[in-house]
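Here's the structure we're looking at; comments come further down.
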Amino acid sequence: MKLLEQDVRHSGLVNPLLPPENLWTQLVDFARTSTVIAELEVRKLMHDQTDLFTRAVQPVLWLLIFGQVFTQIRAIPTGNLSYIAFMAPGILAQSVLFISIFYGIAVIWERDLGILQKFLASPTPRTALVLGKALSAGVRALSQAVIIYIVAALLGVQIDWNPLAILGVIVVVFLGAGIFSTFSLIIACLVKTRERFMGIGQVLTMPLFFASNAIYPITIMPAWLQAIALANPLTYLVDALRSLMLAAPSDYAHVGVDVLVLAGVMCIMVWLGARMYPKVVI
């Protein structure tokens, strides 16, 4: 919130000498602007809903084939959980990553079409633009979460249907999607061409996925890979989803730490993205 408040002040839309109640009104307007940007992005999704189903094919195949096979051979220690149950939250996190990491290519398209220049010419705070796009990435990721929940339940995974647990999953999915979509936007601002962006995006997705606890526990990794996994935001996303999504007993203290880490990384990413955003047109 402090980062957002600073951006609103620096944008010239808020007079720092205003009384606190007027400043709060400006912050509410800032939040409303972010949701409008997100709504514009979601409208694109409504016009092309097939994109949701095509993106769902890969995680469903991971659950149906990879998960089923490794459940039978029991090659990976997962404690009291079946491997398919251990894997389901990891595949949800994978889906969030894969949807979000290529989100920056839309920014390059908007630049080429002249839409981005109109956004930047408006008095809208740059943080609101970046945060709005992060929120829309979360909406896309939630649609995948619904599909993975259904498939996992059909495969016999014991899902925690507690409304508070589901609400926690929604929050965590939004945070994860916000982190990786904003990271994608930063990459787009640096490379500035679709071809280079696609190449870098493809290079990053697999290392981020395999250097996490999505499909195997950190304890069986070599020491050097454990260090990388602990610095990987996807690890904290998977850990939080695993605690909230499954009906097995969970240590919710870990969830609090995971959410704090994800929220902190997202604030940093949004701040960096807001600073980098105008450079995509330079």
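The table that follows gives values for the structure above.
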{"item": "Sequence ranges 236-246, 221-231, ranked by mean other-Cβ count within 10 angstrom, highest first", "result": "236-246, 221-231"}
{"item": "Extension gain from residue 206 to residue 117, taking 0.36 nm per residue of separation minus the Cα-Cα distance", "result": "28.8 nm"}
{"item": "Debye intensity ratio I(q)/I(0), log10, segment 2-281, q values 0.10, 0.11, 0.13, 0.16 Å⁻¹ (C-alpha model)", "result": "-0.54, -0.65, -0.89, -1.25"}
{"item": "Residue 159 long-range amide H proximity, modeled H, under 5 Å", "result": "247"}
{"item": "Per residue Cα convex hull volume in Å³ - calculated over segment 166-282", "result": "113"}
{"item": "Residue-by-residue Karplus 3J(HN,Hα) for segment 208-215, coefficients 6.51, -1.76, 1.60, Hz, glycine and proline x", "result": "4, 6, 6, 8, 9, 9, 5, 10"}
{"item": "Protection-proxy order for peptides 136-147, 164-175, each taking the mean of Cβ atoms within 10 Å per residue, highest first", "result": "136-147, 164-175"}
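Values in this text are rule-based calculations from the coordinates and carry no lab data. These numbers come from a predicted model, not from an experiment. Glycine gets a Cβ as well: all are built from the backbone with ideal geometry, and neighbour counts include every protein chain shown.
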